[in-house]
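Trainee: Before anything else, here's the structure in question.
The values are calculated or read from the model by the stated rules, or taken from the named source; none is laboratory data. Since this is a predicted model, take the numbers as computed values, not measurements. With ideal geometry, Cβ positions are generated from the backbone for all residues, glycine too; neighbour counts draw on all protein chains shown.
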Amino acid sequence: MAEKIYYRIGEVAKKFSVATSLIRYWEQEFDFIKPRKNAKGRRYYTQQDVDRFALVYYLVKEKGLTIQGTKDYFEKHQGKKAVEKVDVLNTLKKTKNFLLEIRKSLQEELEKIDNEDMP
């Protein structure tokens, strides 16, 4: 997802290929997913909310934990530390993607130089 300040619930749902009702349900179940709401009740998610949702998604959908199992996981792993690990992982992913873009750009420039040198 591109770096935005806020994401709408539909954007988050599309990113994870889930229904918006699942997002609202997980908000009720996990107190660390707290989107901002405007006066009309429209939800706005920060990147941190999306990252936290991603962690729950991973544990429930990919690892097969139940909601209670996921809650127990956070309790056992001191919730905040688990979420902080996700933040670190996301920073590393962004750094990796940035470096891959630089590498690609440099390779393209080298190819241009090589093509100019050919008769």
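Trainee: Considering only the stretch 15-25, I want to know if a residue exists there that is at pLDDT below 85 and within 21 Å of N97 (Cβ to Cβ).
Mentor: Going residue by residue through the stretch 15-25, those that are at pLDDT below 85 are none.
Within the stretch 15-25, not a single residue is at pLDDT below 85 and within 21 Å of N97 (Cβ to Cβ).
Trainee: Still on this model: When the residues of the stretch 44-57 are filtered to those that are of a type in the set (D, E, K, R) and in contact with a Phe, Trp or Tyr (Cβ under 9 Å, 6 or more places away or on another chain), which remaining residue is nearest to R8 (Cα to Cα)? Reasoning before the result, please.
Mentor: Applying the first criterion (of a type in the set (D, E, K, R)) to the stretch 44-57 yields 49, 51-52.
Of the ones still in play, those that are also in contact with a Phe, Trp or Tyr (Cβ under 9 Å, 6 or more places away or on another chain) are 49, 52.
Details: D49: 11, R52: 15 Å.
Among those residues, the one meeting the criterion is D49.
Trainee: Take the residues in the stretch 26-48 that are assigned to a helix (DSSP H, G or I) and modelled with pLDDT of 90 or more; name whichever of them is nearest to Y73 (Cα to Cα).
Mentor: Taking the stretch 26-48 first, the residues assigned to a helix (DSSP H, G or I) are 26-29, 47-48.
Next cut, modelled with pLDDT of 90 or more only: 26-29.
Values: W26: 15, E27: 17, Q28: 17, E29: 13 Å.
Looking at the filtered set, the residue picked out is E29.
Trainee: May I ask you to list the residues in the stretch 1-14 that are over 10 Å from Y45 (Cβ atoms) and at pLDDT 90 or above?
Mentor: Result: G10, A13, K14.
Trainee: Taking G64 as meeting all but one of (1) assigned to a helix (DSSP H, G or I); (2) of a type in the set (G, A, S); (3) at pLDDT 90 or above, write down the number of the exception.
Mentor: So G64 meets the others, but not (1).
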